[in-house]
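A quick write-up on the structure given underneath.
The values are calculated or read from the model by the stated rules, or taken from the named source; none is laboratory data. If you're wondering where the values come from, they're calculated on a predicted model, not measured in any experiment. Using ideal geometry, Cβ is built from the backbone for each residue, glycine included, and neighbour counts are taken over all protein chains shown. For accessibility, only protein heavy atoms count, side chains too; no ligands or nucleic acids. Shrake-Rupley method; radii C 1.70, N 1.55, O 1.52, S 1.80 Å.
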Amino acid sequence: MLLFGMILLWLGFGLPYLNFGNSQNITNTTSSPAFDSSNSSNSSFTSYPTLNLTYLSSPVPYPLNGKYYNPTHSKWHSAHKKAKAYLANWSIEEKVTLTTGMGWEQGRCLGNIAAIPSRNFSGLCLMDSPSGIRLTDGNSAFEAGVNVASTFDKDLMYARGYAMGQEFKGKGAHIALAPMTNMYRLPAAGRNWEGFGGDPYLSGWATEMSIRGLQDAGVQATVKHFIGNEQERNRTTSISQLTDRTMREIYSHPFLKAVQADVSSVMCSYNLLNGTWACENSELLNGILKEDFGFQGYVMSDWNAQHSGVYSANSGLDMTMPGDIEQKSLTSYWGRNLTESVNNGSVSIDRLDDMVVRILTPYFMLDQNDGYPEVSFDSARPKAEANNSHVDVREDHAKLIRHIGSASTVLLKNVNKTLPLKSPRKITLIGSDLGPSYKGPNGYPDRGGDEGTLAMGWGSGTCNFPYLVDPLQAISAKAIKDGTQLDWFFDDFDIGSAQDTAMGSDVVIVGINSDSGEEYITVDGNIGDRNNISAWHGGDALVEAIAESNNNTIVVVHSVGPIDVEQWIEHPNITAVLWAGLPGQESGHSLVDILYGKYNPSGRLPYTIAKELQDYPAQLNYVNTDEVEHPLVEYREELNIDYRHFLSRNITPRYEFGFGLSYTTFEYGKLEIGEEEMDDDASAANDTDGIGASGGSTRGNTTRISNLHRPRWTISVDVTNTGDVLGFDIPQLYLSYPKEAGEPPKVLRDFNRVQLWPGDTKSVTFQLSKYDVSIWDVVKQRWVIPKGEFGIEVGRSSMDEQSVKTQWCFRGCD
């Protein structure tokens, strides 16, 4: 048994096929801090040891047995039957058409599966992005994923997904390339803002609710990027090195939640995972995703992330995008090559049938075969009027975007109730982030520049703004209504003039930002990832100077992630700090609602803001690919991501994960915990061997998988609004495992958002399953509940000293 466990301990032996696609490189220049070469993965910031992994796993064959299917959704079974019947008489060539994209810019969408008129099949349109439908008009520009995570509100997560799904469907796109759920492992990683923060459970909930919303609106969701794509630098050549337990407990958890939400598609990532390209890693795709998780949909490659033909097909890839090996090469690993491979037996006809049934099952499950809107735009040729019908799909989504923008704003500091504002005599706005860009909201392609207020990062995760309400515009409207005098100065580098303008105002609001995005665009030397975590445009010096000249200075931060605030955060004249993130098109409106108390702040940080960059558990690997063919990205911190690391190493951050203030106050009552009665099979989890009554892993055992995730324990706590205004609180449930389990000191397991009038009390409940209290045993290859007492606490953040606590034994106690 031990030898078997050691063989399965590490993932991903395979052949490194080195055929890379070419990405377009765009360089824009604004004013961000210079690159600091000391911020490399080899600096002395951390004491985590080298992983020293060995790859011993055997290839995992593709699963064809229906017993592996996730049994949670009866619609899957019905749609699966429809897909099989529909495809019964198709030729090999026709089936291959479903698996192979038409090629870059060979259709009207970013990804295109060709129509087959003889089969009454109109094709499939695949479109970015997690912020809204990309490269078209008449769409909404939603807030970033990291903002919806900041709400800690499952209903808002769903509502955003549903509204976005309505817009994708209204434009005729069948498949949304969203959500993005890679983890906030590195504070400076370029695409962090597209995802949902630094905890797997927060990310898992946001992923699940986003998918449910998108698909309830009739659009196929694609969760991405599976797996280990936590940085942009060298993303197409680097090797992400993770231990088995780290992958299971941290990085694959949001993808498991996606599968449980019936996600249609999973996009495999560019990088290699433990030595094998992610898009041809059979243990990852066939074993973990399709068998262990019970995934019934299809695996799609990231654009040009396929590196082989037969090998990738047999390893679990189902659809190649955009279809060509390199963009516009008009060559493909599949297409005619896949047809030949099936004909000569290299790829079995059963495997091809599996691929196409997987692709069309979500198509039937979401009724896309019946009356689906036609594609009304041309993403490759947006100026070609003949191909663009300018269908407006926004409806009233601006209201939701404004709401989420307010709900996601985090109040970090509020001295002597500076906020909310009460019709001050004079307000002065300082800093270019509070005003419009001289180029307009869409002046930089794919938002690859930082001028004016920041409401979205850059790259393929963007969309066009229909308009952008900047803070100046919204505050001006409020000032006119209140009779407030309003002045502003937006030259970030003329500090003397900025100080002169700020003098004499009742309130000065200073706006700063920090930007990042995808690696195919370089902005001021930042190749997607940020070179450091300082404010851009000299923001730190600007804030400090204004605070010296005005004793009521409020700082507003629009940022893709954490920034270093130590230069100014403790200045006595800085009376309030609002962390607004990337709020989308209604940015200014959302900010005004918070500033003036129309909306009581309830946002919580989805990541930790450290006192210095070196305090984080991991740093970006800035190795140049010209020096190392496959740069190694070691996940040495293992389970100690974000706040877990700070707790493990006893490092005090500036603001911890889950932190956020309110205009009111709350108190918690005593914790109560109850256990549901279970049948004999379910209670077998209490055996001495771990989860399940028999040996082996959960692979292929749907009964055991179902029991594993069934709610078992209920925790409740009373929450009382002890302040004098209506407000929202977000109680967060954390577990502390027995020391022998080898877990971080504290881990998030659930959260809820509750609205309370002054003096009101409500009971808030959380549920735990056996999975939620288990750890991954790398030798047994199964989930195991550790013996001993757990600490259970509910608090307002990951480090709340006023949290309420109790203890509970889930297994192995008298």
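Name the single residue that is surrounded by the fewest Cβ atoms within 10 Å (Cβ to Cβ) among those in segment 193-232 being outside any loop (DSSP other than H, G, I, E, B) and of a type in the set (A, V, I, L, M). It would help to see each step written out before you state the result.
Quick first cut of segment 193-232, residues outside any loop (DSSP other than H, G, I, E, B) only: 193-194, 200-216, 220-226.
Still in the list and also of a type in the set (A, V, I, L, M): 202, 206, 209, 211, 214, 221, 223.
Details: L202: 26, A206: 32, M209: 24, I211: 30, L214: 31, A221: 32, V223: 26.
The extreme case among them is M209.
Please verify whether Q767 is of a type outside the set (S, T, Y), at positive phi and within 28 Å of the chain's Cα centre (by Cα), treating the condition exactly as stated.
no
How about segment 347-367: which of its residues are in a loop (DSSP other than H, G, I, E, B), open to solvent by 20 Å² or more (accessible area, probe 1.4 Å) and either closer than 13 Å to V96 by Cα or hydroxyl-bearing (S, T, Y) (or both)?
Within segment 347-367, S348 is the sole residue that qualifies.
Going by what's in this entry, would R753 be described as touching a Ser or Thr at 6+ places or on another chain (Cβ under 8 Å), of a type in the set (K, R) and crowded, with 20+ Cβ neighbours inside 10 Å?
When the stated conditions are applied, R753 does not pass them.
Could you identify the single residue in Q614, Q585, Q567 that is over 18 Å from the mean Cα position of the chain (by Cα), not in a strand (DSSP E or B) and not assigned by the TED database to the domain that holds K426?
After applying the criteria, what remains is Q614.
What is the residue count in segment 772-797 for residues that are within 27 Å of the chain's Cα centre (by Cα) and not polar (S, T, N, Q)?
13
Looking at segment 239-246, can you tell me whether even one residue there is touching a residue at least 24 places away in the same chain (Cβ under 8 Å), of a type in the set (A, V, I, L, M) and open to solvent by 10 Å² or more (accessible area, probe 1.4 Å)?
yes
Look at I430 and say whether it is within 24 Å of G561 (Cα to Cα) and either in contact (Cβ under 8 Å) with a residue 60 or more places away in the chain or under 32 Å from the mean Cα position of the chain (by Cα) (or both). It would help to see each step written out before you state the result.
Working: within 24 Å of G561 (Cα to Cα): yes; either in contact (Cβ under 8 Å) with a residue 60 or more places away in the chain or under 32 Å from the mean Cα position of the chain (by Cα) (or both): yes.
Answer is yes for this residue.
Is there a residue being over 26 Å from P562 (Cβ atoms) and in contact (Cβ under 8 Å) with a residue 24 or more places away in the chain anywhere in segment 400-409?
Yes, segment 400-409 contains at least one residue that is over 26 Å from P562 (Cβ atoms) and in contact (Cβ under 8 Å) with a residue 24 or more places away in the chain.
I need the full set of residues from segment 787-810 which are touching a strand residue (DSSP E or B) at 6+ places or on another chain (Cβ under 6 Å) and of a type in the set (D, E), in order please.
E789, E793, listed by residue number.
For segment 518-556, which residues satisfy the criterion of being within 23 Å of I594 (Cα to Cα), assigned to a loop (DSSP other than H, G, I, E, B) and within 30 Å of the chain's Cα centre (by Cα)?
Scanning segment 518-556 gives a single hit, A535.
Can you give me the ranges of the strands (runs of 3 or more DSSP E) entirely in segment 412-517 with at least 2 residues that are within 28 Å of H397 (Cβ to Cβ)?
By residue number, 507-514.
Mind listing just one residue for me: the one in segment 653-677 that is part of a loop (DSSP other than H, G, I, E, B) and small (G, A, S) and, of those, surrounded by the most Cβ atoms within 10 Å (Cβ to Cβ)?
Among residues in segment 653-677 that are part of a loop (DSSP other than H, G, I, E, B) and small (G, A, S), the one surrounded by the most Cβ atoms within 10 Å (Cβ to Cβ) is G658.
Hey, does segment 300-317 have a residue that's part of a loop (DSSP other than H, G, I, E, B) and within 17 Å of E94 (Cα to Cα)?
The answer is no; no qualifying residue exists.
Quick check on my filter: what residues within segment 150-201 are among the β-branched types (V, I, T) and either touching a helix residue (DSSP H, G or I) at 6+ places or on another chain (Cβ under 7 Å) or at pLDDT below 95 (or both)?
Correct list: T151, T181.
Taking the condition of being open to solvent by 10 Å² or more (accessible area, probe 1.4 Å) and assigned to a loop (DSSP other than H, G, I, E, B), how many residues in segment 782-809 meet it?
9
If we scan segment 141-155, do we find a residue that is of a type in the set (G, A, S), surrounded by fewer than 24 Cβ atoms within 10 Å (Cβ to Cβ), out of contact with any strand residue (DSSP E or B) (no Cβ under 7 Å at 6 or more places or on another chain) and not in a strand (DSSP E or B)?
Step one: list which residues in segment 141-155 are of a type in the set (G, A, S), which gives 141, 144-145, 149-150.
So of that shortlist, the ones also surrounded by fewer than 24 Cβ atoms within 10 Å (Cβ to Cβ) come out as none.
Within segment 141-155 (the criterion being of a type in the set (G, A, S), surrounded by fewer than 24 Cβ atoms within 10 Å (Cβ to Cβ), out of contact with any strand residue (DSSP E or B) (no Cβ under 7 Å at 6 or more places or on another chain) and not in a strand (DSSP E or B)), the answer is no, since none of the residues qualifies.
Which residue out of S406, S376 is in contact with a helix residue (DSSP H, G or I) (Cβ under 7 Å, 6 or more places away or on another chain), surrounded by fewer than 23 Cβ atoms within 10 Å (Cβ to Cβ) and small (G, A, S)?
S376
Taking L591 as the residue in question, decide whether it is in a loop (DSSP other than H, G, I, E, B), open to solvent by less than 10 Å² (accessible area, probe 1.4 Å), in contact with a strand residue (DSSP E or B) (Cβ under 8 Å, 6 or more places away or on another chain) and modelled with pLDDT of 95 or more. Don't jump to the end; show me each part of the working.
Numbers: in a loop (DSSP other than H, G, I, E, B): no; open to solvent by less than 10 Å² (accessible area, probe 1.4 Å): yes; in contact with a strand residue (DSSP E or B) (Cβ under 8 Å, 6 or more places away or on another chain): yes; modelled with pLDDT of 95 or more: yes.
So L591 fails the test.
In segment 704-773, which strands (runs of 3 or more DSSP E) lie fully inside it and hold 3 or more residues that are aliphatic (A, V, I, L, M) and in contact (Cβ under 8 Å) with a residue 12 or more places away in the chain?
Output list reads 711-721.
Assuming D262 fulfils every condition listed in (1) part of a loop (DSSP other than H, G, I, E, B); (2) among the acidic types (D, E); (3) at negative phi apart from one, which condition is it?
(3)
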